[in-house]
Amino acid sequence: MTTTQWIVNLLGLTAVGWIVWYFWLQTKAGVAASLMGDVQEIDITVKGGYEPDVIVVKAGVPVRLNFTRMESSMCSEVVSFDGLDRSATLPEGHTVPVEFTPDAPGEIPFQCQMGMLRGKIVVTT
């Protein structure tokens, strides 16, 4: 193998490693919901994804997620929550609150109707 082939192979393996880390192995710290009276509340912007997409809340305390959709993509019209059997329609330019009370620690994934936009709620004790 020539030196050029070694360099090209090394660069290719490096790119593959970076892609695996970025899409599957990287973990995000998450954003803690603010306690507003007796409700944990956070604003989530929907524009090409959910921002923030990892939300940390405490178990046993009511949660209000305020989704504001800032795009016209049909994919982001609905957000659904796995494990909560709940979904919400998100009209463009409007804020839609989604309320629930998590009862146990764990993770609650949420996503758009096509599964392309994803996020999760991390419930702690």
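Annotations
- Residue in the stretch 14-22 that is touching a Pro at 6+ places or on another chain (Cβ under 8 Å) and modelled with pLDDT of 90 or more present: no
- Take the conditions (1) surrounded by fewer than 15 Cβ atoms within 10 Å (Cβ to Cβ); (2) over 13 Å from the mean Cα position of the chain (by Cα); (3) of a type in the set (A, V, I, L, M, F, W, C); Ala29 misses just one of them, which is (2).
- Residue satisfying all of: in the stretch 65-108; closer than 15 Å to Gln40 by Cα and in contact with a Phe, Trp or Tyr (Cβ under 9 Å, 6 or more places away or on another chain); surrounded by the most Cβ atoms within 10 Å (Cβ to Cβ) among these: Leu65
- Residues satisfying the stated conditions in the stretch 100-119, i.e. assigned to a loop (DSSP other than H, G, I, E, B) and in contact (Cβ under 8 Å) with a residue 60 or more places away in the chain: Leu117
- Of all residues in the stretch 35-48, those that are part of a loop (DSSP other than H, G, I, E, B) and either in contact with a strand residue (DSSP E or B) (Cβ under 8 Å, 6 or more places away or on another chain) or buried (at least 17 other Cβ atoms within 10 Å of the Cβ) (or both) total 1.
- Residues of the stretch 112-125 satisfying the condition of being of a type outside the set (Lys, Arg) and surrounded by 19 or more Cβ atoms within 10 Å (Cβ to Cβ): Cys112, Leu117, Gly119, Ile121, Val123
The values are calculated or read from the model by the stated rules, or taken from the named source; none is laboratory data. Since the model is a prediction, treat every value here as computed from it, not as a measurement. Methodologically, a virtual Cβ is constructed for each residue, glycine included, from the backbone with ideal geometry; neighbour enumeration extends over all protein chains shown.
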